[in-house]
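S.K.: Dropping a structure here in structure tokens format, bear with me for questions.
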Amino acid sequence: MSRCCEITGKKPLVGNTVSHANNKNKRRFLPNLQKVSLYSVVLKKNIRITATTHGIRTVEHRGGLDAFLLSSAPSKLTPQLRKVRKQLVDKAGEAPKPAPKKRRSTTKKAAKKAA
């Protein structure tokens, strides 16, 4: 089992533990991984994934597992979640198109340069 979040892709980081005497020892910062079952309303079954607590909050923020999978690009998902997303698209119909990116309004400095 790799220590990687299936939703956010967070992996272990490497750093130093620094003592009071400023001695540095290598250590690993592991992500807070949880094995969690998320329910798919469309498929009517639980999907078991390994995710960080941040990833679980992201799924809930986006409106549940179905909405999260349909709104994310397949290239950003793990192979297991890609299969689930494909099943969702087949069963629920066409995946929604992502919203177009908003352009930034020009700032005062940019407006002065243009003029």
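S.K.: Can you tell me which of (1) surrounded by 15 or more Cβ atoms within 10 Å (Cβ to Cβ); (2) at pLDDT below 95; (3) under 16 Å from the mean Cα position of the chain (by Cα) is the one Leu88 doesn't meet?
M.R.: (3)
S.K.: Any residue at all in the stretch 5-21 that is of a type outside the set (Lys, Arg), at pLDDT below 90 and in contact with a Leu (Cβ under 6 Å, 6 or more places away or on another chain)?
M.R.: The answer is no, given that none of the residues of the stretch 5-21 is of a type outside the set (Lys, Arg), at pLDDT below 90 and in contact with a Leu (Cβ under 6 Å, 6 or more places away or on another chain).
S.K.: Further question: In the stretch 38-48, what count of residues is obtained for those that are in contact (Cβ under 8 Å) with a residue 12 or more places away in the chain and among the basic types (Lys, Arg)?
M.R.: Looking only at the stretch 38-48, we keep the residues that are in contact (Cβ under 8 Å) with a residue 12 or more places away in the chain, and these are 38-43, 47-48.
Checking which are among the basic types (Lys, Arg) leaves us with 48.
Matching residues across the stretch 38-48 total 1.
S.K.: Something else: Being in a strand (DSSP E or B), under 17 Å from Leu81 (Cα atoms) and among the β-branched types (Val, Ile, Thr) is the filter here, so list the residues in the stretch 6-53 that pass it.
M.R.: The answer is Val36, Ile47, Ile49, Thr50, Thr52.
S.K.: Restricting to the stretch 44-90, name every residue that is basic (Lys, Arg) and in contact with a strand residue (DSSP E or B) (Cβ under 7 Å, 6 or more places away or on another chain).
M.R.: Arg48
Yes/no per residue for (1) touching a helix residue (DSSP H, G or I) at 6+ places or on another chain (Cβ under 9 Å); (2) without any contact (Cβ under 8 Å) to a residue 60 or more places away in the chain; (3) exposed (fewer than 12 other Cβ atoms within 10 Å of the Cβ):
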{"residue": "Gln34", "(1), (2), (3)": "yes, yes, no"}
{"residue": "Thr50", "(1), (2), (3)": "no, yes, no"}
{"residue": "His61", "(1), (2), (3)": "yes, yes, yes"}
{"residue": "Gly64", "(1), (2), (3)": "no, yes, no"}
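The values are calculated or read from the model by the stated rules, or taken from the named source; none is laboratory data. For clarity, every value in this text was computed on a predicted model and none was experimentally measured. Cβ: placed from backbone, ideal geometry, glycine included. Neighbour counts: every protein chain shown.
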